[in-house]
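**Student:** Got a structure for you, questions after.
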Amino acid sequence: MKNKSLVSINDYTKEEHIRILDLAKEFEKNPVQNIMQHHVVASLFFEPSTRTRLSFESAVNRLGGKIVGFSEATNTSVKKGESLRDTILTVANYSDLIVMRNPIEGSARFASEISPVPIINAGDGANQHPTQTLLDLYSILKTQGTLDNLHIAMVGDLKYGRTIHSLVIALCNFNTTFHLVSPPELKLPSSVKMHIKEKNLAYHQYTEMDEVLPRTDILYMTRIQQERFSDPLEYERIKNAFNLHQDMIADTKENFRVLHPLPRVKEININVDKSAKAYYFEQALNGVFVRQALITSILGIK
Ligand code: CP
């Protein structure tokens, strides 16, 4: 995996995903080490972020590395009209690895094709979010003890949710049964569904989540992605399509857990937070260990 960019989740094999999860487990036991003191990571966020940007920063800082970059492009020479190509070629001079979030689908692939240093895609528009998927897999493994043969319900914006797209593709390696719950307008794109069909896996589509809950191991909730809608009225019409309450998960299986990549809006009531089945804040913490595993693998430290 040394020097190997991660743009789409299937740029890495199933074996490489598992290697990252194994290494993340080691970092979870020992997250503070001085093994990156000779490395600089660049963090280029052209789109807002809390968890992804800060967990990458935390991961690097706890390993003794340096991190440079920006959290909004308005304070950079992009504002003066500099192209993405020139930005990447310049920042590659200052760093060993570039983490980039950008609203344009395909921008991370483009960056990986021109960059002399590896690129990690921290989210490109509505396309993919592969590092979120690695931490989602780690969270599923930790809570279920396995990744194989699970019933996973995905609820919310399956059309624009990049975390969904990457996660579905990764879970196709683990004989998952998919329960896809969305408003009709926000169904999983056929380009992603194709991966499920290629593996002959079972999937079921719903518009309500109630009937799915009793048979589900993992409930993966997502926000309706307001920023991707071209018609604000359509967003207003469906923004409150789902609202998970504590009483709705009372009769779920013992191993049932609620995940969410966050941020949440109203799709999970805060009364769910105190349930032992709510796992989304632990999930966000897992991002530090998984990103430590990913960065050190790409840099050839581990
Ligand atoms: N899960 C996630 O990508 O969150 P942020 O947008 O806060 O980084």
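The values are calculated or read from the model by the stated rules, or taken from the named source; none is laboratory data. None of the values given here were measured: they were computed from a predicted structure. A quick note on method: Cβ atoms are made from the backbone with ideal geometry, for glycine too, and the neighbour counts reach across all protein chains shown. Each accessible area value is taken on the protein alone, full model and side chains, heavy atoms only, with ligands, DNA and RNA left out. Shrake-Rupley method; radii C 1.70, N 1.55, O 1.52, S 1.80 Å.
**Student:** Only bridges whose two residues both fall in region 66-205 count here: according to DSSP, what percent of them are antiparallel, nearest 5?
**Tutor:** 10
**Student:** Given the peptides 179-191, 272-284, arrange them by the average over their residues of other C-beta atoms within 10 Å, most packed first.
**Tutor:** Packing order, densest peptide first, comes out as 179-191, 272-284.
**Student:** Kindly list the residues of region 119-135 that lie in the label zone of L89, defined by a backbone N under 18 Å from the point 7 Å along the Cα-to-C-beta vector.
**Tutor:** 119
**Student:** Based on the mean of other Cβ atoms within 10 Å per residue, sort peptides 249-255, 146-152 so the most packed one is first.
**Tutor:** Working: 249-255: 12.6, 146-152: 16.0.
In descending order of packing, they fall as 146-152, 249-255.
**Student:** Follow-up. Accessible area per residue, 1.4 Å probe, Å², for region 130-284: what's the number?
**Tutor:** Each residue of region 130-284 exposes 42 Å² on average to a 1.4 Å probe.
**Student:** When the gyration tensor of the chain is built from Cα positions, what are the square roots of 5 times its three eigenvalues, in whole Å, from largest to smallest?
**Tutor:** Working from the Cα gyration tensor, I get semi-axes of 31, 22, 18 Å.
**Student:** Still on this structure, please answer the following. Give me the percent of the accessible area of region 139-241 that comes from carbon and sulfur atoms, probe 1.4 Å, all protein chains in place. Don't skip to the end; give the middle numbers.
**Tutor:** Values: 1980 of 4320 Å².
Carbon with sulfur: 46 percent of the solvent-accessible area.
**Student:** Now for a different question. Return the sequence-ordered ³J(HN,Hα) values of region 120-134 in whole Hz as given by the Karplus equation 6.51 cos²θ - 1.76 cosθ + 1.60 applied to θ = phi - 60°, using x for Gly and Pro.
**Tutor:** 10, 7, 9, x, 10, x, 8, 7, 9, 8, x, 6, 4, 5, 4
**Student:** Top to bottom by accessible area (1.4 Å), largest first, where do R291, R257, R215 land?
**Tutor:** R215, R257, R291
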